[in-house]
Amino acid sequence: MQINGRSSICGLIGNPVEHTLSPMIHNTLAEKLGHNLVYVPFLVEKESLKEAVTGAYALHIQGMNITVPYKSTVIEMLSEIDALAGKIGAVNTLVRTQNGYKGYNTDMTGLYRAMGAENIRLAGERVILLGAGGAARAVAFMCVHYGAEKVYLLNRTLEKAKTVAAEVNVALQTDAVTALRTEDYWTLQGNSYLAIQGTNVGLYPNTEETVITEEDFYRKIDTGYDLIYRPEKTMFMRLVEKAGGKAYNGLRMLLYQALEAYELWNRAEISEELAAEIYELLKKEMNTDE
Ligand code: ATR
């Protein structure tokens, strides 16, 4: 691809940024779709975040992804925020508007779409969500937003789960979210739950770890979804499968958060065929990485 005077620029702000797969995804999309767009990583120090966002706008940068550790702090630098992202209190995508950047959370809309691509439904479901950190909190919002009947938030520290449950219930005017200490999982009635693993436990290189090992916990689960995608099959996923359930990793979430951002920046619609093609590239990239 030839960069020229008409090329539009998108990028990623974070710290660190060197291991990101986003440039590969977005530059491949631009190439396949014949868009004159370049996507680059920007390493930004904490004290320079505001300058970086203002500077990006001044440079006519079309769109930005925001990653760790700036997904919440960047919000005060935006001119507008999407309703769901505002409730979650975290954004990963900025879209240029006439007055500044508008923030979105495509991590969550992307996760929803990724689950849909695997035929995992949320509407009317009873969900077990492991964790109560930043990631799990966003997932709790997403589950209720898309119609989950109940979300049981299981966490090592009960207080943290209670705080998150109350925040989601108040913001979305519901009582769907209930906090539990992880070891009290046995109080959950019945089986056929959708379980989402939202902690960083089990992430490479700690591939033998998971927050819960009890077999009778896993027998309650029909479908297990781990937000982690490295390793390809986490301990959580292995235990779900061992108990007879279906398990998925977070690679499709990574894919769809990028596709949704790309669609917002370019007012484009990406076909499932192209999504599948990029997914194969991502899988290949993961295998050469480890
Ligand atoms: P993130 O932003 O990735 O969600 P975080 O906000 O630091 O990260 O949250 C980490 C989550 O993983 C929390 O739910 C944490 O449990 P606590 O609230 O009890 O700290 C959970 N977690 C981390 N290490 C854990 C471990 N060894 N066992 C159980 N849970 C753990």
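Computed with a 1.4 Å probe on the full set of protein chains, the accessible area for ARG181 sits at about 90 Å². Between ARG181 and LEU43, residue separation times 0.36 nm minus the direct Cα-Cα distance comes to 45.9 nm. Model label points for ALA123 and GLU149, set 7 angstrom from Cα along the Cα-to-Cβ axis, are 1.5 nm apart. A probe of 1.4 angstrom, applied to the heavy atoms of all protein chains, finds SER8 with accessible area near 40 square angstrom.
Shown in residue order for the stretch 37-48 are the 3J(HN,Hα) couplings computed by the Karplus curve 6.51 cos²θ - 1.76 cosθ + 1.60 at θ = phi - 60°: 9, 10, 10, 10, x, 10, 7, 10, 7, 3, 6, 9 Hz (x for Gly and Pro). Pairs spanning more than 19 Å between alpha-carbon atoms, out of LYS102/LYS150; LYS87/LYS162; LYS46/LYS71: LYS102/LYS150.
A simple charge model with +1 on the Cβ of Lys and Arg, -1 on the Cβ of Asp and Glu and nothing else charged puts the dipole of the stretch 163-290 at about 160 debye relative to its Cα centre. Residues in the stretch 148-153 carry Karplus couplings, in order, of 4, 6, 9, 10, 9, 8 Hz; the curve used is 6.51 cos²θ - 1.76 cosθ + 1.60 with θ = phi - 60°, and Gly or Pro positions show x.
The label-point distance for ILE3 and GLU273, in a model that sets each label 7 Å from Cα toward Cβ, rounds to 3.1 nm.
For LEU37, the residues whose amide H sits under 5 Å from its own are SER8, ignoring neighbours fewer than 5 places away on the same chain, with H placed 1.01 Å from N. Stretched out straight at 0.36 nm per residue, the stretch from LEU158 to ASN99 would grow longer than its current Cα-Cα span by 17.0 nm. For ARG230, the residues whose amide H sits under 5 Å from its own are TYR204, ignoring neighbours fewer than 5 places away on the same chain, with H placed 1.01 Å from N. Taking amide H as placed 1.01 Å from N in the peptide plane, GLY11 has its amide H under 5 Å from the amide H of VAL40, GLY63, MET64, ASN65, each at least 5 places away in sequence or on another chain. The label-point distance for LYS283 and SER192, in a model that sets each label 7 Å from Cα toward Cβ, rounds to 3.0 nm. Rounded to the nearest whole Hz, the Karplus-based 3J(HN,Hα) values (6.51 cos²θ - 1.76 cosθ + 1.60, θ = phi - 60°) of the stretch 19-26 follow the sequence 9, 5, 9, 4, x, 4, 5, 6, with x at glycine and proline. Seen against the Cα atoms of the chain and their longest principal axis, helix 272-289 is set at about 80 degrees. The charge dipole of the stretch 57-205, taken about its Cα centre with unit charges on the Cβ of Lys, Arg, Asp and Glu (plus for the first two, minus for the last two), comes to roughly 120 debye.
Counting only residues at least eight positions apart within a chain, or on another chain, the lysines with an alpha carbon under 26 Å from that of LYS32 are LYS283, LYS284. Taking Cα centre as origin and charging only the Cβ of basic (Lys, Arg, +1) and acidic (Asp, Glu, -1) residues, the dipole magnitude of the stretch 55-131 rounds to 80 debye.
Treating the angle as unsigned and between 0 and 90°, give the value, to the nearest 10°, between the Cα long axis of helix 158-171 and the longest Cα principal axis of the chain. Computed tilt is about 60 degrees. Taking packing as the residue-averaged number of other Cβ atoms within 10 angstrom, the listed peptides 251-264, 107-120 run from highest to lowest as 251-264, 107-120.
The values are calculated or read from the model by the stated rules, or taken from the named source; none is laboratory data. From a predicted model like this one, the values you see are computed outputs, not experimental measurements. When we count neighbours, we look across all protein chains shown, and the Cβ atoms used for this are built from the backbone with ideal geometry, even at glycine. Surface accessibility is based on the protein's heavy atoms, side chains included, excluding ligands, DNA and RNA. Shrake-Rupley method; radii C 1.70, N 1.55, O 1.52, S 1.80 Å.
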